[in-house]
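Trainee: Please read through the structure below; I'll follow up with questions.
Here, each number is a calculation from the coordinates, and none is a lab measurement. What you are looking at is a predicted structure, and each value in this text was computed from that prediction instead of being measured. Heads up, the Cβs are rebuilt from the backbone with ideal geometry, glycines too, and the neighbour counts pull from every protein chain shown.
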Amino acid sequence: MTYTFYKYQGTGNDFVMIDNRQLIFNKNNTECVKQLCDRRFGIGADGLILLENHDTFDFKMVYYNSDGNESSMCGNGGRCIVAFANFLGIIKKSTYFMAIDGQHEAIIEADLVKLQMQDVSEVAIFDTHLFLNTGSPHHVQMEADLRNLDIKNLGSKIRYGEPYNELGSNVNFVTKNSESSFSVRTYERGVEDETLSCGTGVTAVAIAMHAAGETDKNILSLETEGGTLNVSFEKIGDQYKNIWLIGPATQVFKGEITC
């Protein structure tokens, strides 16, 4: 089957996008997903995203990791599919769409896409790290020397170790720059390597740093290997609500591929 695809990236987190409103893509073909995402034998991406029709929302987002398996929520992918839907003429400057973790609101402002994330009701704080779910599970730990960390090696050990085991967790390493700025490097499960940026990851880091008392700010700048993302939120009682992930989402190129 030959597919028309679009390549998008959000702070270096890159995705193959396919307009699947006519249900042309074979979702059971795991090897095809892996081929499309392969950086040597395919297009190359951290994941594949299908845009589909939905009965009550503007569209539906279906996300696959580069290992070929459908995955949990992807924040940068969510922002990129909003830009894609705008490009296709499905939406204008605002939207409500459905993803695997539920409904999301998004707003396009100039070259930025603002994506509302799900509320976070629990942040587990341990001696060495924090753990929370922002649509995907995230381990967050602070490091003094972020630049020289072996992210792939250390991240994989944590991702497959106790207590995560087979289910696994994304792993974020963090350095504090100021009260309102943190640097982040992320190992993503499903990609099984460091990615240049992770939307649910920086969202988790922002909330974790607030929960840990590292900041009292509710608008934070997160510096990733691929660029800067911003996260805003409100703390209401024990919950974090009105969480927004903000950053650029750019179409890189369009093409056709057979798999």
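Trainee: For Ser181, list long-range residues whose amide hydrogen, built 1.01 Å from N in the peptide plane, is under 5 Å from its own amide hydrogen.
Mentor: When sequence neighbours closer than 5 places are left aside, the close amide H contacts are Ser221.
Trainee: Over what distance in Å are the Cα centres of region 206-223 and region 1-15 separated?
Mentor: 31
Trainee: Write down, largest first, the equivalent ellipsoid semi-axes of region 124-248 in whole Å, where each equals the square root of 5 times an eigenvalue of the alpha-carbon gyration tensor.
Mentor: Semi-axes (√(5λ), whole Å): 21, 16, 14.
Trainee: Let me ask you something else. Region 158-178 to region 51-87: how many Å between their Cα centroids?
Mentor: For region 158-178 versus region 51-87, the Cα centre distance is 24 Å.
Trainee: Taking the Cα centre of the chain as origin, work out the dipole magnitude from +1 charges on Lys and Arg Cβ and -1 charges on Asp and Glu Cβ, in debye rounded to 20.
Mentor: 600
Trainee: Working from the alpha-carbon coordinates of the chain, get Rg over Rh, Rh being the Kirkwood radius.
Mentor: 0.95
Trainee: Another question, then. By counting other Cβ atoms within 10 Å of each Cβ, how are Ile81, Ile49 ranked from fewest to most?
Mentor: Lowest count first: Ile49, Ile81.
Trainee: Could you run the Karplus curve 6.51 cos²θ - 1.76 cosθ + 1.60 with θ = phi - 60° over region 184-201 and give me ³J(HN,Hα) per residue in whole Hz, x for Gly and Pro?
Mentor: 9, 10, 10, 9, 9, 5, x, 8, 6, 6, 6, 10, 5, 6, 9, x, 5, x
Trainee: Can I ask one more? So in the chain, which Cys have no other cysteine's beta-carbon sitting under 4.7 angstrom from theirs?
Mentor: If one checks each Cβ against the other cysteines of the chain, Cys37, Cys74, Cys80, Cys198 turn up with nothing under 4.7 Å.
Trainee: Hey, another quick one. Give a quick list of trypsin sites (Lys or Arg not before Pro) in region 28-102 that DSSP marks as loop, anything other than H, G, I, E or B, with at most 12 other Cβ atoms within 10 Å.
Mentor: Taking region 28-102 and a limit of 12 other Cβ atoms within 10 Å, the loop trypsin sites (Lys or Arg not before Pro) found are Arg39, Arg40, Lys92, Lys93.
Trainee: A further question follows. Checking the a/c ratio against 1.5 first, then a/b against b/c, what shape does the Cα gyration tensor give for region 1-46?
Mentor: It is oblate, given that a/c is not under 1.5 and a/b is not larger than b/c.
Trainee: Now a separate question. Quick check: net charge around Tyr240, other residues with Cβ under 14 Å of its Cβ, Lys/Arg +1 and Asp/Glu -1?
Mentor: It works out to a net charge of -2.
Trainee: Step through the table entries Lys92/Lys235; Lys93/Lys176; Lys34/Lys241; Lys34/Lys176; Lys60/Lys235, compare each Cα-Cα distance with 32 Å, and write down the pairs that go over it.
Mentor: Pairs exceeding 32 Å: Lys93/Lys176; Lys34/Lys241; Lys34/Lys176.
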